[in-house]
Structure formats: C-alpha cells, structure tokens
Amino acid sequence: MNLFNLKEKVAIVTGGNGGIGLAYAKGLVKAGAKVAIWGRNSAKNELAKTALESLGGEIMVFAADLTNAAEARDAFKATLAHFGKVDICFANAGGAGPQGKRLHEIEEDDWNAIINLNLNSVVNTYKPIIQHLIDRKAPGKLIVTSSIAALIGTGFSAGYGTTKSAVLGLTRSLAVELGNKGIQVNAILPGYIETEMSSNAPQAFKEATLRRSVTGKNGTLEQMEGVAVFLASESSDFMTGQSIVLDGGHTIFPL
Ligand SMILES: NC(=O)c1ccc[n+]([C@@H]2O[C@H](COP(=O)([O-])OP(=O)(O)OC[C@H]3O[C@@H](n4cnc5c(N)ncnc54)[C@H](OP(=O)(O)O)[C@@H]3O)[C@@H](O)[C@H]2O)c1
C-alpha cells in the first residue's frame, strides 16, 4: 500500500485559495498530488498558486462561484483539460451565513444564500466529478469540510449548523451510492481555527471556544494538512461515510 503517497493523483480543493482549504492543498502537494484550486477571487487564487508552487506543486486555478452549477461544471472541464483526470475532491468552500439572529428573524434570501453556499455548492462540485470517476471506473475520494457546528447546537447561527449537518447526510448517502465503485466519501469537522471567515466571529464566541478546548488551544492551519492527506490516500480506503473531528476536545468537554 502507498500509505500517504499521492504521486500521480490529481486533487481539487474548493475554497483552496486561503484558510483551511489552502492548508489541505499544502498537505496534498507535500504528499505529491497535483492540485486544482477553485475559488471566486482570482487574485487570491493566484497567490495560493504561487505559495503551493513554492512547495514544489503542479497547480492550476479557476475562478468560479460554486453556488452556480454551470460555473462548477466549467471549473471541472478546465481542470480536466489541464490535468487529464481528477481523483480526489475536497468540497471545502463555505461561509458563516446569517449570524446573531434567531431563525424567525432571518430573511428568506439570506437563508437561501447559506443553503446555496454550504450545501448546494458541494452538490454542484461533486456531480461532475462523480460522473467522471464512474466513467473512468477509477477509485476516488470525496471529502467535505463540515464543522463541529454539525454536532452541537449553533443558536443564532442556524443556517450554519443546519448546512454543516446536511453535508454529513450527503456524505453518508454518497458513501452508500458509490461504495461498490471504489469511491470513498468522508467529512472533516474542524473546531475553531483562525481564518478569514472565523475572524469575524464575536470575541465572546472565540473566548468560549478556547475554554472548551481541553488542549487549551485553538487549532492551527498546519494541523489540517495531515488529515487531508489521510483521507485522500489509500490509507483511508476502508473508511467511508464517516466524519473526523479535529477540535481539541471541544465536543467531548462537558463544561
Ligand atoms: N475556520 C473555522 O474555524 C472553521 C471551522 C469549521 C469549519 N470550517 C469550514 O471550513 C471551510 C473553509 O473556511 P475557512 O475557515 O478556511 O474560511 P475562509 O478562509 O474564509 O475560506 C472560505 C473559502 O471559500 C471560498 N468561497 C466562499 N464562497 C465561495 C463561492 N460561492 N464559490 C467558490 N468559493 C467560495 C473562498 O474563496 P473566495 O474568497 O475566492 O470566494 C475561500 O477560499 C468552510 O466550509 C467553513 O465552514 C471553518
């Protein structure tokens, strides 16, 4: 078995131009994978490409709003044209959605926007890749970034908790549908990690999260690299429909 070696593998990382997605991409490049970064912001995409190339990676980037299925299909076509195949996909792009409001106070458009971003963008991303893997009769790895918000009550952030739970249901469903095709589908559930998205969280929330970490620390981006390699590699071939929680013990701490 090739344990943690991703040489000759091609991986897509959505939202890979910063934060947790860029950390996944760094891990994948270090393990030998070629990586396609999909994100909306071209300037961020280019910066990520440069950073990943400095680690020795073969990288392509594509600017797409993944809430739009046609743009996701275009991103996939461009990736296929560049690398010739895709083996691995991290559906990581996401955002916080409406914060600080009770459900009945959230506008319909804002509710639909977070469903589109955190759930429908994952579906839009996965669909062309699933078809491609089935057509190639190739093994594959689909990984979504959920959150510990899927496991705990996220009051005043119902859109986030709801969508991060929904992708776990999607993960289990796809694991069943694709299991006999050699495609594993899993989820990563990070606790609090300082990124562009999480830096906007209220200070009280950040302090509470730190108190709940039994390690006394929040997570770091570097700590996201290894789990990405594990789930992308042959080492996780017998694992599907599952979730890996990396939260410093937040969700097992009874305080
Ligand atoms: N940070 C945490 O504490 C934490 C904890 C648990 C889970 N997560 C999850 O981790 C994932 C990454 O978040 P992050 O914390 O690393 O924040 P981040 O740095 O803000 O990353 C979000 C990424 O998503 C991309 N993105 C957003 N909307 C998009 C769209 N419509 N189409 C395509 N790409 C889009 C962004 O790229 P552009 O700006 O170019 O659009 C960016 O690369 C999210 O799913 C988040 O829910 C984060």
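No lab work stands behind these numbers, since they all come straight from the coordinates. Values in this document were obtained by computation on a predicted structure and should not be read as measured data. Ideal geometry is used to build each Cβ from the backbone, glycine not excepted, and the neighbour counts take in all protein chains shown.
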- [ ] Obtain the nm distance between the two label points defined at Thr251 and Lys127 by a simple spin-label model: each point lies 7 Å from its Cα along the Cα-to-C-beta direction.
- [x] 2.9 nm
Task: Cα→Cβ-extended label distance, 7 Å offset, between Thr50 and Val176, nm - done: 4.8 nm
Task: With 5 Å bins from 0: P(r) over the chain, alpha-carbon pairs, percent - done: 1, 7, 14, 19, 20, 17, 12, 7, 3, 1, 0
TODO: Using Cα centres only, tell me the gap between region 163-234 and region 121-137 in whole Å.
DONE: 21 Å
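Report the extension gain between Ala201 and Asp109 in nm, rounded to one decimal, defined as 0.36 nm multiplied by the number of residues separating them, less their alpha carbon distance.
Between Ala201 and Asp109, full extension yields 31.0 nm more.
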Open item on the list: Defining a contact as two alpha carbons under 8 Å apart and six or more residues distant in sequence, what relative contact order in percent does the chain show?
Closed with: 21 percent
Open item on the list: Which one, Val61, Ile88, Ala149, projects farthest toward the positive side of the charge dipole computed for the chain from Cβ point charges (K/R +1, D/E -1)?
Closed with: Ile88
Open item on the list: Quick check: pseudo-label points 7 Å beyond the Cα along Cα→Cβ at Asp135 and Ile244, how many nm apart are they?
Closed with: 3.0 nm
Open item on the list: For a quick check, take a GNM of the chain with Cα springs below 10 Å and name the residue from Asn17, Asn41, Asn92 with the largest mean-square fluctuation.
Closed with: Asn41
